[in-house]
Amino acid sequence: MSALVQQPDKDRLEGVADAILVGRAVSGDTGAFETLIRRHGPLMRAYTARIVGSMADADDIVQDAFHTAWRRLPELRDPAAVRPWLMRIASRLAFTSLRRKPAEVELAHLESALPADMQPENVAVRNAQLKALSAALDTLPEDQRRCWLLREVGELSYGDIAQEMELPAATVRGKLARARASIYAQMEGWR
């Protein structure tokens, strides 16, 4: 009898392309969907945490986003574009969550989780940079901030941002240019 040890399904699927994983998940392969979760969940969590200002809320939103994605996966037209599709779902849920919060409740500042082995002075500098970036983002108009987050954090294309925000691509480019110029000017001391 052979003593072959099979690799767990999740390890076998780590190098598989998103489009193939989506096809398998649509067919009911939960292992393929779990691989998509492991692959794209951290980016979705970081992105939604920046929007809502809370890791706990971000975890709930990402969980809801994956639940929605599982139900709607057969509707995805381009399986290779699963990441932008997941980011749009998470974005919508995050902004819906913000609209439900009372206007007078101030969002807590997001604390960065940095590796414990970093030197204290590096941690302090990094935290100060993130605080400055957060303050710069808070000064932007809502539409510019949303464009910047979708592009820089969500890594969506200009076309995907235009579709998400229901704006022409040229308008998205203009809003991003203004957002970047404002952030660049406000972060002058950090260069």
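The values are calculated or read from the model by the stated rules, or taken from the named source; none is laboratory data. Everything numeric here is computed off the predicted structure, so don't read it as measured data. We place every Cβ from the backbone using ideal geometry, glycine too, and count neighbours over all the protein chains shown. The accessibility values were calculated without ligands, DNA or RNA, using every heavy atom of the protein model including side chains. Shrake-Rupley method; radii C 1.70, N 1.55, O 1.52, S 1.80 Å.
Quick check: is even one residue across region 42-55 touching a Gly at 6+ places or on another chain (Cβ under 8 Å), among the β-branched types (Val, Ile, Thr) and closer than 17 Å to Arg83 by Cβ?
Within region 42-55, none of the residues are touching a Gly at 6+ places or on another chain (Cβ under 8 Å), among the β-branched types (Val, Ile, Thr) and closer than 17 Å to Arg83 by Cβ.
State whether the residues of region 167-190 include one that is closer than 20 Å to Ala94 by Cβ and in contact with a Ser or Thr (Cβ under 7 Å, 6 or more places away or on another chain).
no
Kindly list, by first and then second residue, each pair from a residue in region 17-44 that is of a type in the set (S, T, N, Q) to a residue that is assigned to a loop (DSSP other than H, G, I, E, B) and open to solvent by 70 Å² or more (accessible area, probe 1.4 Å), limited to pairs with Cβ atoms under 8 Å and residues at least 6 apart or on different chains.
Within 8 Å, the pairs are Thr35/Glu14.
So which of Trp190, Trp148 is among the aromatic types (Phe, Trp, Tyr) and modelled with pLDDT under 80?
Going through Trp190, Trp148 in turn, just one is among the aromatic types (Phe, Trp, Tyr) and modelled with pLDDT under 80: Trp190.
Consider Lys131 carefully, then state whether it is over 27 Å from Leu86 (Cβ atoms), out of contact with any strand residue (DSSP E or B) (no Cβ under 8 Å at 6 or more places or on another chain) and not hydrophobic (A, V, I, L, M, F, W, C).
For Lys131, the condition - over 27 Å from Leu86 (Cβ atoms), out of contact with any strand residue (DSSP E or B) (no Cβ under 8 Å at 6 or more places or on another chain) and not hydrophobic (A, V, I, L, M, F, W, C) - is met.
Take residues that are surrounded by 17 or more Cβ atoms within 10 Å (Cβ to Cβ) and at pLDDT 90 or above and tell me which of the helices (runs of 4 or more DSSP H) falling wholly in region 1-95 contain 2 or more.
Passing ranges, in order: 18-26, 30-52, 55-72.
Those residues that are exposed (fewer than 14 other Cβ atoms within 10 Å of the Cβ) and touching a residue at least 40 places away in the same chain (Cβ under 8 Å), I need them from region 134-188; list them, please.
Those that are exposed (fewer than 14 other Cβ atoms within 10 Å of the Cβ) and touching a residue at least 40 places away in the same chain (Cβ under 8 Å): Ala135, Thr139, Glu155.
Within the set of pairs 6+ apart or on separate chains, which have a first residue in region 69-95 that is in the same structural domain as Glu34 (by TED's automatic domain parsing), a second that is open to solvent by 60 Å² or more (accessible area, probe 1.4 Å) and in a helix (DSSP H, G or I), and C-beta atoms under 6 Å apart?
Leu73/Val26; Pro74/Val26; Leu93/Asp64
Among the residues in region 152-169, are any at pLDDT below 90 and touching a Cys at 6+ places or on another chain (Cβ under 8 Å)?
yes
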